[in-house]
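Written below as structure tokens is the structure these notes are about.
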Amino acid sequence: MRMLIGASATVLGGVVAVGVVGTSLAHSAPPPRQLRASVQGVASTPEGSLPHAFLTLQTWPDSMAGPHGKDGGAQPGWVTYGPTTNLSVPAHSLVTVTIQQYDTGEKITNPYFAQVHGTVGNTMTVDGKTVNAVDPAHIGHTFTLHSLVTNQDPLFVSVPLPAVADDAPALANGYPKPHTVTFSFITKGPGNYVFQCEYPCGDGYYAKFGGPMSTQTYMEGTVTVTGTAATAAAAGE
Ligand SMILES: [Cu+2]
């Protein structure tokens, strides 16, 4: 969203068909290193006592931070997830995700994605406050995790990441103070899943769903649910 919004955005905003869950995923080489959720003890959950795994991610307004290298790699102007989009979490576990959201934003096309879905309690926290939705007029990105069409256990989690104010001052790292979003979800069996952003943040591309929105390692990535709760707990991960 750091790139300027063109006049076309106003025109497109009202007419763009949304709901790109299931979109084909473009690939960009090479694949980044994998970030494995770290298991720290057990948590009591609505589904009983489960291993508790933690992940921390960021959403950046450009690619100068994150997985693409200090120079931003091939597309330094593209928005991106970080520190990688290749994620691994244990099966049959409670996974708590923290996302530091550094980007500005605007109105989300599909207000469904301004709501929290699929987390424990269908809530998340934003800067410490528990909510089940955020203002659809100020969305930076979403974290939307879903299954592919396979016979593995279904998993769907979607949380909105509120926009940072346009006039928020930059800190020493060149970025504004982020919003911190946390949420937890419970994994089922092992499988291969994908996540992507459902806020059209691909400025300069068709319907703003191209470019970083349709390229893995930017606004799309993979989530591998691995092993069983027993092995994850035994390994102390
Ligand atoms: Cu996005």
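The values are calculated or read from the model by the stated rules, or taken from the named source; none is laboratory data. The structure presented is a predicted model; accordingly, all values stated were derived computationally and were not measured. Cβ placement follows ideal geometry from the backbone for every residue including glycine, while neighbour counts extend to all protein chains displayed. Just so you know, the surface numbers come from the protein's heavy atoms only, side chains and all, with ligands and any DNA or RNA stripped out. Shrake-Rupley method; radii C 1.70, N 1.55, O 1.52, S 1.80 Å.
Answer yes or no as to whether G66 is surrounded by 21 or more Cβ atoms within 10 Å (Cβ to Cβ) and at positive phi. Yes: the conditions hold for G66.
Within the range 167-183, not a single residue is closer than 17 Å to T80 by Cβ, under 14 Å from the mean Cα position of the chain (by Cα) and not in a strand (DSSP E or B).
In this structure, does Y206 turn out to be over 19 Å from the mean Cα position of the chain (by Cα) and hydroxyl-bearing (S, T, Y)? Here the answer is yes, as Y206 does meet what is asked.
Pairs linking a residue in the range 161-184 that is hydrophobic (A, V, I, L, M, F, W, C) to a residue that is open to solvent by 50 Å² or more (accessible area, probe 1.4 Å) and in a loop (DSSP other than H, G, I, E, B), with Cβ atoms under 6 Å and 6 or more positions apart or on different chains, are A163/H138.
Residues in the range 120-146 that are open to solvent by less than 10 Å² (accessible area, probe 1.4 Å) and hydroxyl-bearing (S, T, Y): T142, T144. Selection of the range 87-105 for residues being within 12 Å of the chain's Cα centre (by Cα) and open to solvent by less than 30 Å² (accessible area, probe 1.4 Å) yields L87, V97, I99, Q101.
Table: residues versus (1) out of contact with any Gly (no Cβ under 8 Å at 6 or more places or on another chain); (2) basic (K, R).
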site	(1), (2)
D166	yes, no
N173	yes, no
P176	yes, no
T180	no, no
S184	yes, no
K188	yes, yes
N192	yes, no
Y199	no, no
D203	no, no
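Candidates are the residues of the range 202-219 that are open to solvent by less than 20 Å² (accessible area, probe 1.4 Å) and of a type in the set (A, V, I, L, M, F, W, C); the one that is farthest from the ligand (Cβ to nearest atom) is A207. With respect to the conditions (1) modelled with pLDDT of 95 or more; (2) farther than 21 Å from S44 by Cα, L155 lacks only one, and its number is (2). For F113, work out the one condition from (1) in a strand (DSSP E or B); (2) open to solvent by less than 70 Å² (accessible area, probe 1.4 Å) it doesn't fulfil. F113 satisfies all of (1) in a strand (DSSP E or B); (2) open to solvent by less than 70 Å² (accessible area, probe 1.4 Å) except (1).
Scanning the range 63-86 for residues that are within 16 Å of the ligand (Cβ to nearest atom) and outside any loop (DSSP other than H, G, I, E, B) yields T80, Y81, G82. Within the range 184-201, take every residue that is assigned to a loop (DSSP other than H, G, I, E, B) and either open to solvent by 70 Å² or more (accessible area, probe 1.4 Å) or touching a Ser or Thr at 6+ places or on another chain (Cβ under 7 Å) (or both) and give me the one that is farthest from K129 (Cα to Cα). Filtering first and then ranking leaves P190. Cβ separations smaller than 9 Å between residues 6+ apart or across chains give the following pairs from the range 68-81 residues that are among the basic types (K, R) to residues that are open to solvent by 30 Å² or more (accessible area, probe 1.4 Å) and in a loop (DSSP other than H, G, I, E, B): K70/M64.
Evaluate the following for V164: is it assigned to a loop (DSSP other than H, G, I, E, B), within 15 Å of the ligand (Cβ to nearest atom) and at negative phi? Yes: the conditions hold for V164.
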